[in-house]
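Every number here is computed from the coordinates shown, using simple stated rules; none is lab data. Since the structure is predicted, the reported quantities are computational estimates derived from the model, not experimental observations. Glycine gets a Cβ as well: all are built from the backbone with ideal geometry, and neighbour counts include every protein chain shown.
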């Protein structure tokens, strides 16, 4: 099953902290919530798209953030979560699992307009989360980034369909160079044209040119089938080449992928993967740095 949204972690974490009034390690709270929610080993292994953290730990962290906003919990020291007196009183007054409305009230941040610390002081906060939202800020950020990537990928393929064939071949070589192929850009040569034998580019992997990768880059209108890939493989054999990359803005049939896998020296890159690679290696794509704030706990502890 998918990992629940972060609001579902609020009640399990609240109950677990109530059982340990002396405070608990955050990682123990993560695991207790995972058990309470019935998460499997596979569920716990799911990572955020960025790959930096397990999804369930991220959502447990945001659930605790909302409990802190409500004044029900605190972090007396790094990596430790503990109920405040207000939190202990809240649990005592709510012995049963919280209702959806009660969870939603905490998740919304509306009751956290005044953020209480474990020292009893208060501080005003200027933002709250829409009541209907059950996604953490990290989830919303990841979704926004994915949406932008999909939009940019679609535009890349539209642009590639408009450039002249020779420019498309050069773009592909630029990408391969950005990916680390060739010791310099001069090691990637465009050779496409009449009588090219299905080869559009050659990459020298070493300075002496003893090892080469042959490239075919085609803007196909339809699905690329096995016969076309076999033809490229034959062109490689004619060049006595042992490595080849076939790149298209279209897609390949399952039979084409099957053939490429069986010969072990031909790599197929379809339009979707091509666009993703151009985004990742910033070929024809500009990106901007987004500064995501996070408290530096080492600074405060020092």
Taking the Cα-to-Cβ direction at residue 86 and at residue 262 and moving 7 Å from each Cα, how far apart do the two end points lie in nm? 6.9 nm
Two-site FRET efficiency, residue 42 against residue 221, from Cβ-Cβ distance with R₀ of 45 Å, rounded to 0.05: 0.65
1/(1 + (r/R0)^6) with r = Cβ-Cβ of residue 93 and residue 251, R0 = 51 Å, i.e. FRET efficiency to nearest 0.05, evaluates to 0.30
When the Cα atoms of the chain are enclosed in a convex hull and the volume is divided per residue, what value in Å³ results? 191 Å³
Roughly speaking, what is the stretch gain from residue 28 to residue 237, that is 0.36 nm per residue apart minus the C-alpha to C-alpha distance, in nm to one decimal? 69.4 nm
With each run of n ≥ 4 DSSP H residues scored as -39500 (n - 2.57), what mean residue ellipticity at 222 nm is computed for the chain after dividing by its residue count and rounding to the nearest 500 deg cm²/dmol? -14000 deg cm²/dmol
When 62, 81 are arranged by how many other beta-carbons sit within 10 Å of their Cβ, fewest first, they go 62, 81
May I ask for the angle, rounded to the nearest 10°, between helix 271-280 and the longest principal axis of the chain, with both axes built from Cα atoms and the value confined to 0 to 90°? 60 degrees
Helix 137-162 vs. the chain, principal-axis angle (Cα, 0 to 90°, nearest 10): 20 degrees
Extension gain from residue 149 to residue 167, taking 0.36 nm per residue of separation minus the Cα-Cα distance: 4.2 nm
If you count, for each residue, the other Cβ atoms within 10 Å and average over each peptide, how do 227-237, 17-27, 157-167 line up from highest to lowest? 227-237, 17-27, 157-167
Based on the mean of other Cβ atoms within 10 Å per residue, sort peptides 250-257, 214-221, 280-287 so the most packed one is first. 214-221, 250-257, 280-287
What is the fewest-to-most order of 65, 200, 138 by other Cβ atoms lying within 10 Å of their Cβ? 65, 138, 200
0 to 90° range, to nearest 10: angle between helix 165-178 axis and the chain longest Cα axis: 50 degrees
Can you sort 300, 90 so the residue with the fewest Cβ neighbours within 10 Å comes first? 300, 90
